[in-house]
Amino acid sequence: MSRFIQSQSIAYIQTVKPRTKFLIGGALVIGTAGYLAASAIKDTGVYYLTPGELSAKTKADPTFFETGVKVGARVVRDPGGRQVAFKMTDGAQTYNVVYRGITPDTFTDGVDVVVEGRLGRDNTFHATTLLAKCASRYENAPDKYKNTPGYKQAEQRA
């Protein structure tokens, strides 16, 4: 009798259909590709903020310090040598910026800039990239900047 039960249990083993194998393999490939894409975006993604937004973000999340960001603002320049130290503002918030490298020809007082780097715990932005906007090549500043004190002050200097 044990032989009969054993032969019946073998009959119940089902083979996996080729279509099911294909679907499982496809789901694994798509899942792996999605995970790799998401982790790559997380590693290389950079925020683009104004100084006011950067200040609010660091107040809300203290772990945001030392995170790579891009900041767009207006320059308030301090004289310097090879290392350029200046202030950037959106009128609501001002940050000291330190940049070591060649500055663009259009980098002057009152110009709009985009800096990329990290905000240190001392609230000094350490820039690794400095881009100065040329007034003739870019459109006017967004309306959200035009009513800020920093914008009006820089506009009077120009």
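The values are calculated or read from the model by the stated rules, or taken from the named source; none is laboratory data. In this text, all values refer to a predicted model and were calculated from it rather than measured experimentally. Positions of Cβ are backbone-derived with ideal geometry, glycine not excepted, and every protein chain shown enters the neighbour counts.
Descriptive notes on the structure:
Every residue, every condition in (1) within 30 Å of residue 95 (Cα to Cα); (2) assigned by TED's automatic domain parsing to the domain that holds residue 94; (3) modelled with pLDDT of 80 or more; (4) not aromatic (Phe, Trp, Tyr), yes or no:
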| position | (1), (2), (3), (4) |
| --- | --- |
| 11 | no, no, no, yes |
| 19 | no, no, yes, yes |
| 22 | no, no, yes, no |
| 25 | no, no, yes, yes |
| 60 | yes, yes, yes, yes |
| 63 | yes, yes, yes, yes |
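- The residue pairs whose first member lies in region 54-67 and is on the phi < 0 side of the Ramachandran plot and of a type in the set (D, E, K, R), whose second member is outside any helix (DSSP H, G or I) and surrounded by 15 or more Cβ atoms within 10 Å (Cβ to Cβ), and whose beta carbons are closer than 8 Å, counting only pairs six or more residues apart or on different chains, are 57/49.
- Residue check, residue 148 over 18 Å from residue 50 (Cβ atoms) and modelled with pLDDT under 90: no
- Top-ranked residue in region 47-57 [being crowded, with 17+ Cβ neighbours inside 10 Å and of a type in the set (Ser, Thr, Tyr); ranked as farthest from residue 89 (Cα to Cα)]: 55
- Pick from region 15-43, criterion among the charged types (D, E, K, R) and assigned to a helix (DSSP H, G or I), ranking: farthest from the chain's Cα centre (by Cα): 19
- Residue satisfying condition, being assigned by TED's automatic domain parsing to the domain that holds residue 148 and crowded, with 18+ Cβ neighbours inside 10 Å, within set 114, 97: 97
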